[in-house]
Every structure is written in C-alpha cells, then in structure tokens.
Amino acid sequence: MLPNLLIIGAGTAGMTCAISAAAKGKKVCIIDKADQPGGTLHLTAGHLSAANTLLQSEKGIHDSTQEHYADIVKISRNTMNPIIARKAVELAPATLNWLQDLGYPFHEKAPLIIYGHEPYTKPRTYLGTTDVSPLINAPGKTVLTVLLPLWNEYISTGLIDFRANTKLISIEKNENTISSILVDGRDGLGHLTAHNYILTTGGYAANPDFFTTVTKRATRLISTANTDSTGDGIVAAQAIGAIFSGAEKHSSTLGGIELEPGSGRVNFWNAWARVSNGVDRKQREIYVNDAGERFMNEYDLNVDERERIVLEQSNRRFWLIFNEHALRDGISVIPQWNADQIIAESKKEKAIWRADSIVELATKTGLPITALTATIHQYNSFCKQQLDTDFGRTYLDHPLENGPFYAILVYAYSLISFGGIEVNEQLQVVSKEQPAFTNLYAAGEILGAAATSGHAFCGGMLLTPALSFGKWLGEVL
Ligand SMILES: Cc1cc2nc3c(=O)[nH]c(=O)nc-3n(C[C@H](O)[C@H](O)[C@H](O)COP(=O)(O)OP(=O)(O)OC[C@H]3O[C@@H](n4cnc5c(N)ncnc54)[C@H](O)[C@@H]3O)c2cc1C
C-alpha cells in the first residue's frame, strides 16, 4: 500500500509532519540523508514565537496574532511574504499549545521579550528550561527531546517508516503531478512513491557555492548552519520548474569567529564574539575594518544597524581591538570563554592575536600599520575628551594606551538562508509552467527565511513556522 505521505528530510518540519500525520493514523515514509533524525534541531537556539497562547493567558499577557503579524511587518520593513508569514503567525499558537500538551518544559521566564535583534513589542518568545545556561546559550534541544518519544512510538507501531542515509537525488513528474522521487539509499539508487510528497530538506546556509551564486556576493560563506543544509531540495524542485526567490534579502549574524582559517565554519556553541549590542555588555573594544579604520559606533548602535554596516565592509568582516585591561574587566567578549582561554587561543595566531605594541599587532595581523596606529591615537584622544566626534560613541572608558594588545577577527556569518522555493497558501510548490504541483508541498527553511522574516531576524520565525507548517501538513493531507 502506498504511504499517504513521503516526507523528504527528517528535521524540524519533517519530524513534526510525520508525527502529526501518524497521530491521525496515516502511513508515512520519511527519508533523510543523515544517519539520524533531527536536522537543525540538534543545533538550534530553540527560540519559538507565538501570540495568543495558553501560556500567555496563564501569565496574564494580552496579545494577538494580529499584533504578532504587525511586529513582523515592522521589524522586517514589510519585506516578508504576507501570505506565508500570516499563515505562520496564525498557526503558531496551536503549535505552542501542542508542545505544552506534550509536556514541553518551558523556561520559567517564558514567554519573554528577547533583545538579540529588534524586539517584539510583547513577550511572545518561548524557550525550554534546558535551552539557557549561565554562559547565555545552550543548544535548544528541548523541542527534539519532546518530539523523540512520539517519533519512536510511531516507528515501533509501523506508522512511520524512517529511512536514514537515504538521499533525495531528483523528483520525477508527469505534467503537474509528482510520480516518484529518485533516492540514493542503503540499497543504492531507487524510486520511492506516495500519494503526496513533502519537501522538508532545509536551507542552503552550509553550501558555499549555492550561497554565493544566489546571493550574488563575491565574499565567502562563513556558516554555523547544519552541514546537511546544502539546498538539495531546492535544486531538485528547481529542476522540475519550481520558482526560487528571496536570496537577495540575505542578512548575516555577528560576530563569527573562524577558529580554523579557511574552514568557513563558526561554532555557535563554542565561540562567537558578543558584538551584537551594548545592552547587556559594555563594549570595551573598538572595531576596525581591513583598512585599519573604525567604521561604526561600537557601543550605542542597535544590532540590526550593526549587521547592515558590517555587510558593507570589505570581506564582511572586522577586527576587535582591545588591551589587557579591557580583556579582564567585566563580561568576556566571547561569552563561552574566559580571559585565559582567549590568551591560550591567541598563541595559535589563527583567529586571535596578542602583541606588546600596536605596531607588532598590525604586523602580526596584516592590518596597515600607519592606519591602525592613527586610529588608535584618535580613539585615545576621544577617550581623554570623553567625546567621539567621528561616530558619537558614548562609552569611552577604555583607552588603548597600555598593552598587551589583542585583535580578534570577526565575520558576519550565516545561521540560516533567506531564499527559498515559492509555495501557495496550501504550501503546494508553485511551478513556473502551471499554478502549482498537485501533490508536492514544502515546509521549513526550504521556503527561505525571507518568507516569514523578510530581510530581518524576527524572533522565532524560522523554527516555529517549520514546526507549524510541518504539523499542519501532517494533519490536513
Ligand atoms: C545555530 C542555530 C540557531 C538557530 N536558532 C533559531 C532560533 O532560536 N529560532 C528560530 O526560529 N530559528 C533558529 N534557527 C533556524 C531554525 O532552527 C531552522 O531554520 C529550522 O530548524 C530548519 O528546519 P527545517 O526542517 O527546515 O530543516 P532541518 O531541521 O535542517 O531539516 C532538514 C533535514 O533534511 C535533510 N536533508 C537535506 N538534504 C537532503 C536530501 N538530499 N535527502 C534527504 N534528506 C536531506 C537534512 O539532513 C536534515 O535532517 C537556528 C539555526 C541555527 C543553525
């Protein structure tokens, strides 16, 4: 008997889709090229967002999906897809309530307002008890923890047929109906068929070639995304006429540290630089670009403005320059590391450098000596006057007069990808030739972050839509 659903990608959207379909007694086949389910659920920070939830009303918070949607319009400057973003917002409360029913252990402060990016106007962001550590972040694995028992139960009852190490190669169609998919699995190449096909293969933020081609940027991709986020589903869908859009809305996150030069990888859970804002940490460093010049107010700017300015710098990177006094005074610039770990890393001279003088620091890093020296001189005079006439920085308590001096190379980096394949309101993949494929659907990051978040970072608007759309498709198909 043909399965009702063939789900391609057993990550956030795919697992949820399989579970909600199986809960209604439907037979599901789900494949993944990885050897285990979970996808980006193994990595995500786990911030969810929804208005009008049970938890909000238990805590006396008055909110509505209209206000949530209005905040997304405001934060993204109306650059999201109105149909998909509205659907995501409307489905989100049921998703959160469902997680609560399943015993999701909410953090005691949830729902709250998170200030990592431009914030919502109401407390509507949720995370789990284990998703926060004293070091700010711990992987948001709570969602995975809640889904796995159901997943295992439906596998044991035979409703979910999970095939690991099985990779989508291509999609075959007859007119506007999908007839099968070609996969490379344990038994080699073969075809799989079902009544309905759901693409949940995630984004492309770990595929440098695809990324640089579609975002039309010459710079390297520096990424912390799941290494399986290679855009395979997008490529396969494009080959049968699906429409790809939104990549030009790409935004990056700060501050990625590429510990292994040339790797293109940042480990979000090990080392990143806390340069996003001055709200919860006083920025004691100055930032200089490859020309050795300051280029922004390091202290007072909001994070979205910072990210935009860094994208305009050559190589989309900059250098944090500070001295021993700044290193040891207050919260570390690398949240997961203390001063001694930073010094230990500086001995490798790969991503962090230490020197007794500014000239030596410039020589070691390759920054222009004259420009860097002039920049530091100017900054020190701003500290003396307590007035920054170049960028208007108001926190000027750390002149760079005494060494040792440090430099950390920081990149704008990617957690997620913004372009995706277009779907209609039913989440059917839209085709260039016909209105939509009758039995091909998509959910999750394959739709592109821009669909639900525009060219900005609207809190929780990747993870929550991935769960909601997966859940909804599992229920309705
Ligand atoms: C470090 C980090 C932190 C984040 N924090 C947040 C957050 O706090 N809030 C938020 O909203 N979003 C966050 N995100 C984004 C969010 O977690 C993801 O967008 C979302 O989990 C993606 O879900 P998905 O189902 O689309 O893809 P995934 O969960 O990545 O699943 C895709 C699956 O498809 C499989 N696959 C890929 N290609 C093939 C193929 N050819 N054949 C078969 N299988 C294939 C993959 O192996 C994978 O298992 C974060 C992302 C990262 C990396």
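Using r as the Cβ-Cβ distance of LEU102 and GLN36, and R0 as 25 Å, what FRET efficiency do you calculate, to the nearest 0.05?
Numbers: r = 20 Å, r/R0 = 0.82.
Efficiency for this residue pair is about 0.75.
Can you give the FRET efficiency for GLU175 and THR213, using 1/(1 + (r/R0)^6), R0 = 30 Å, r = Cβ-Cβ distance, to the nearest 0.05? Please list the in-between numbers first.
Details: r = 30 Å, r/R0 = 0.98.
So, using R0 = 30 Å, E works out to roughly 0.50.
Helix 142-156 and the longest principal axis of the C-alpha atoms of the chain enclose an angle of approximately 20°.
In the stretch 295-365, what trypsin sites (Lys or Arg not before Pro) fall in a loop by DSSP, with at most 14 other Cβ atoms inside 10 Å?
LYS347, LYS348
Proximity of backbone amide H atoms, modeled 1.01 Å from N, is registered between ALA436 and SER431 at under 5 Å, excluding neighbours fewer than 5 places apart on the same chain. Under 5 Å between amide hydrogens, built in the peptide plane, is the criterion, and for ASP290 it picks out SER314 among residues at least 5 positions away or on other chains. Scalar couplings 3J(HN,Hα) for the stretch 54-65, obtained by applying the Karplus form with A = 6.51, B = -1.76, C = 1.60 to θ = phi - 60°, are 4, 5, 4, 5, 4, 9, x, 9, 8, 8, 8, 5 Hz; x denotes Gly and Pro.
Potential lengthening of the chain between THR227 and GLN426 amounts to 68.7 nm, from the contour at 0.36 nm per residue minus the alpha-carbon distance.
Using Cβ point charges alone (K and R +1, D and E -1), the dipole size of the stretch 253-413 about the Cα centre works out to roughly 260 debye.
In sequence order, the stretch 309-324 has phi-based couplings of 5, 5, 4, 8, 7, 5, 6, 6, 8, 7, 10, 8, 10, 7, 10, 4 Hz under the Karplus curve 6.51 cos²θ - 1.76 cosθ + 1.60, θ = phi - 60°, and Gly or Pro positions carry x. Remark: spin-label model distance ALA344-ASP280 equals 2.5 nm, labels positioned 7 Å along the Cα→Cβ axis.
Counting other C-beta atoms within 10 Å, and keeping those with at most 10, which DSSP coil GluC sites (Glu not before Pro) do you find in the stretch 40-131? Show your work: numbers first, answer last.
Working: sites: GLU58, GLU67, GLU90, GLU108; in loops: GLU108.
Listed in order of number, the matching sites are GLU108.
By counting other Cβ atoms within 10 Å of each Cβ, how are MET1, MET80, MET296, MET15 ranked from fewest to most? It would help to have the intermediate numbers written out before the result.
Details: MET1 4, MET80 27, MET296 21, MET15 31.
Ordered by Cβ neighbours within 10 Å, fewest first: MET1, MET296, MET80, MET15.
Assigning unit charges at the beta carbon (Lys, Arg +1; Asp, Glu -1) and nothing else, what dipole magnitude in debye, to the nearest 20, does the stretch 80-197 show about its Cα centre? Around 280 debye, computed over the stretch 80-197.
Here the 3J(HN,Hα) profile of the stretch 329-345, calculated from phi with Karplus coefficients 6.51, -1.76 and 1.60 at θ = phi - 60°, is 9, x, 5, 5, 6, 10, x, 7, 10, 8, 4, 5, 5, 5, 5, 4, 5 Hz, Gly and Pro shown as x. Sorted ascending by nearby beta carbons within 10 Å, beginning with the fewest, TYR69, TYR115 become TYR115, TYR69. Full extension of the chain between ASN402 and THR130 gives 93.8 nm of extra length, using 0.36 nm per residue less the Cα-Cα distance. Counting neighbouring beta carbons within 10 Å and listing from fewest to most, the residues HIS68, HIS62 come out as HIS62, HIS68. Restricting the stretch 213-317 to GluC sites (Glu not before Pro) that sit in a DSSP loop and have at most 11 other Cβ atoms within 10 Å of their own Cβ leaves GLU312. Would any residue of the stretch 258-299 have its amide N under 19 Å from a label point 7 Å out along Cα→Cβ of THR370? List them or say none. From the stretch 258-299, the list is 289-294.
Just so you know, all these numbers are worked out from the coordinates, no wet-lab data involved. Note that this is a predicted model, so its numbers are computed, not measured. Backbone-built Cβ (ideal geometry, glycine too); neighbour counts: all protein chains shown.
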